[in-house]
1. Set Lys and Arg Cβ to +1 and Asp and Glu Cβ to -1, take the dipole of segment 111-235 about its Cα centre, and tell me which of Ser200, Val212, Met122 lies farthest positive.
2. Direction-averaged shadow area of the convex hull around the Cα atoms of segment 1-49, nm²?
3. Could you put His93, His60, His175 in order of accessible surface area, largest first, with the 1.4 Å probe and the full protein assembly present?
4. Let me know the Rg and Dmax you get for segment 160-216 when you use only its Cα atoms, in Å.
5. May I ask you to derive the relative contact order of segment 149-235, considering only C-alpha pairs under 8 Å and at least 6 residues apart, and to give it as an integer percent?
6. Do me a favour and compute the ellipsoid semi-axes for segment 98-139 from its Cα gyration tensor, root of five times each eigenvalue, largest one first, whole Å.
7. What nm distance separates the two modelled labels at Met10 and Ser183, each placed 7 Å from Cα along Cα→Cβ?
8. Roughly how many percent of the accessible protein surface of the chain is carbon and sulfur, given a 1.4 Å probe and a whole-percent answer?
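The values are calculated or read from the model by the stated rules, or taken from the named source; none is laboratory data. Here the structure is a predicted model, which means the values were calculated and not measured. Cβ: placed from backbone, ideal geometry, glycine included. Neighbour counts: every protein chain shown. The area values use the complete protein model at the heavy-atom level, side chains included, leaving out ligands, DNA and RNA. Shrake-Rupley method; radii C 1.70, N 1.55, O 1.52, S 1.80 Å.
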Amino acid sequence: MKIIAGNWKMNGSCAGLKEMAVALKNVMTDNKIILCVPYTMLNCVQADNFALGAQDVSAHDKGAFTGEVSATMLAETGAKYVIVGHSERRQYHEETNSIVRQKATAAINAGMIPIICVGETMDEKQAGKTMAVIESGVRESVPSDSNTDIIIAYEPRWAIGAGLTPTEAEIAEAHKLIADTLSSMGLSGTPVLYGASVKSTNAADIMSIPNVDGVLVGGASLKPDDFIPIITSVK
Ligand code: 13P
């Protein structure tokens, strides 16, 4: 069983999500499907054979934080998952590992499963810092007392939306480091997804790499014709 998660980012519509839900009804799979959609779409459909998630959450529980949405509010919609620390949040909203950890903690406290993203930028890659950035990302973004379900997503930031993917050896090395780091934190068995330019033509190969427990798909998760072949490419 693999986890196939979609991140719609700021795309789509209620109508589009309804179409996806209908299309997913006919998909026979043992894989776990998660769709992380904009807040406004969380109440658009009854998620039957897939789960809904959000793409961000406030670190705060309630109060004067205009524009923010708390984990309790998200949980109330029925959403089970929330992405935290996506590279676009880190890049455009200056989210640090410390903020990401606070958000993950808020999600866990509300009974949700955070999908915690880590990954290196092109500058960090070129400076030979990939492994250090990944390891500190995991150590500093994952709540240390997590004794509950979490998911990690490794997203090399330079490859997102760029049609670029690391080599299989690079993915294997990153995922082994993440698995070892989680294990040293007492969190072995935590699923680790790969994300960045996943499509139907590379999904099966990527998911056959050791320690890759699934994928987090951006652009190719928006339309059933692109997303469903990714789900069915892995038996
Ligand atoms: P793409 O699949 O469009 O590269 O996006 C990856 C991503 O950011 C998923 O969270």
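1. It is Ser200, whose Cα lies furthest towards the positive end.
2. One quarter of the hull surface, i.e. the mean projection, equals 3.2 nm².
3. Descending order: His93, His60, His175.
4. Rg, Dmax (Cα atoms, Å): 11.6, 35.
5. Computed over segment 149-235, the figure is 32 percent.
6. Rounded to whole Å, the semi-axes are 26, 8, 7.
7. A separation of 4.1 nm, rounded to one decimal place.
8. The value for the chain is 50 percent carbon and sulfur by accessible area.
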